[in-house]
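For reference, the structure discussed in these notes is given below.
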């Protein structure tokens with residue numbers, strides 16, 4: 001079992017729709033969670049962090065965390081073609097701030 | 001505020017040669033990370049520095065990889081000798097607290 005699992009996709013959504021990206025993790029002691037966006041040929045860019053159960057909203061992005069079920073999700077409202085990228089879920093197990101990354105979900109937003 | 005700087009951006013070498021990568025973190029960030037990202041995978045932590053001390057190098061192939069962070073600012077990562085499987089993007093990141101910010105990366109091709 002991988003420590004952080006994501007569906008590789010591609011997840012294809014029409015422009016203006018809600019894109020829902022999911023991530024599960026195996027270590028219950030994980031404390032903080034991050035979503036990175038990575039365009040092809042570029043480095044990861046931090047878009048959301050979440051530390052406690054519930055929802056956290058930032059513009060068109062909402063991160064959701066459920067520690068009991070060990071999953072974290074990212075919702076992108078009003079998806080745009082410019083949102084087409086790979087979204088990486090990362091989990092911090094605490095201690096020295098070591099991040100474990102999933103393999104990423106590729107999102108394609110079509111006009 | 002300037003981001004994480006890395007050089008070179010691209011490097012092509014033959015197997016058994018050596019190569020070095022350089023990273024300058026965001027000013028004031030005490031923690032510096034080197035990651036390896038193989039195509040289609042998420043970044044994997046190689047080594048983490050807190051100031052100029054190593055706090056995690058559990059996944060660094062120490063027979064061929066080495067890294068240092070003299071004076072607690074810039075860092076270099078070296079591979080000697082390189083193998084074909086070292087072809088990847090090498091990402092440097094830095095953090096002040098929990099959130100890690102990545103540089104543009106160095107794409108290494110080993111022939």
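The values are calculated or read from the model by the stated rules, or taken from the named source; none is laboratory data. These numbers come from a predicted model, not from an experiment. Because the Cβ atoms are built from the backbone with ideal geometry, glycine has one as well, and the counts that use them run over all protein chains shown.
Annotations
- Screening the candidates B:28, B:40, B:3 for the property of being out of contact with any helix residue (DSSP H, G or I) (no Cβ under 8 Å at 6 or more places or on another chain), without any contact (Cβ under 8 Å) to a residue 12 or more places away in the chain and in a loop (DSSP other than H, G, I, E, B) yields one hit, B:40.
- Per-region count, region B:66-111, residues in contact with a helix residue (DSSP H, G or I) (Cβ under 9 Å, 6 or more places away or on another chain) and either at the interface with chain A (Cβ under 10 Å from one of its Cβ atoms) or closer than 16 Å to residue B:5 by Cβ (or both): 1
- Considering only residues in region B:1-48 that are more than 10 Å from the chain's Cα centre (by Cα), more than 10 Å from chain A (Cβ to nearest Cβ) and buried (at least 19 other Cβ atoms within 10 Å of the Cβ), the one that is farthest from residue A:87 (Cα to Cα) turns out to be B:19.
- Only residues that are part of a loop (DSSP other than H, G, I, E, B) and either at the interface with another protein chain (Cβ under 10 Å from one of its Cβ atoms) or at negative phi (or both) were counted across region A:31-62, and they come to 11.
- Region A:8-30: number of residues that are in contact with a strand residue (DSSP E or B) (Cβ under 6 Å, 6 or more places away or on another chain), in a loop (DSSP other than H, G, I, E, B) and under 20 Å from residue A:68 (Cα atoms): 1
- Single match in A:13, A:29 (criterion: over 10 Å from the mean Cα position of the chain (by Cα) and modelled with pLDDT of 95 or more): A:13
- Looking across region B:49-65 at every residue that is within 14 Å of chain A (Cβ to nearest Cβ) and in contact with a strand residue (DSSP E or B) (Cβ under 7 Å, 6 or more places away or on another chain), the one that is nearest to residue B:111 (Cα to Cα) is identified as B:60.
- Given (1) over 25 Å from residue A:91 (Cα atoms); (2) part of a loop (DSSP other than H, G, I, E, B), index of the condition residue B:59 fails: (1)
- Yes/no for residue A:97 being in contact (Cβ under 8 Å) with a residue 40 or more places away in the chain and within 14 Å of chain B (Cβ to nearest Cβ): no
- Some residue of region B:70-92 being at pLDDT 95 or above, assigned to a strand (DSSP E or B) and under 17 Å from residue A:90 (Cα atoms): yes
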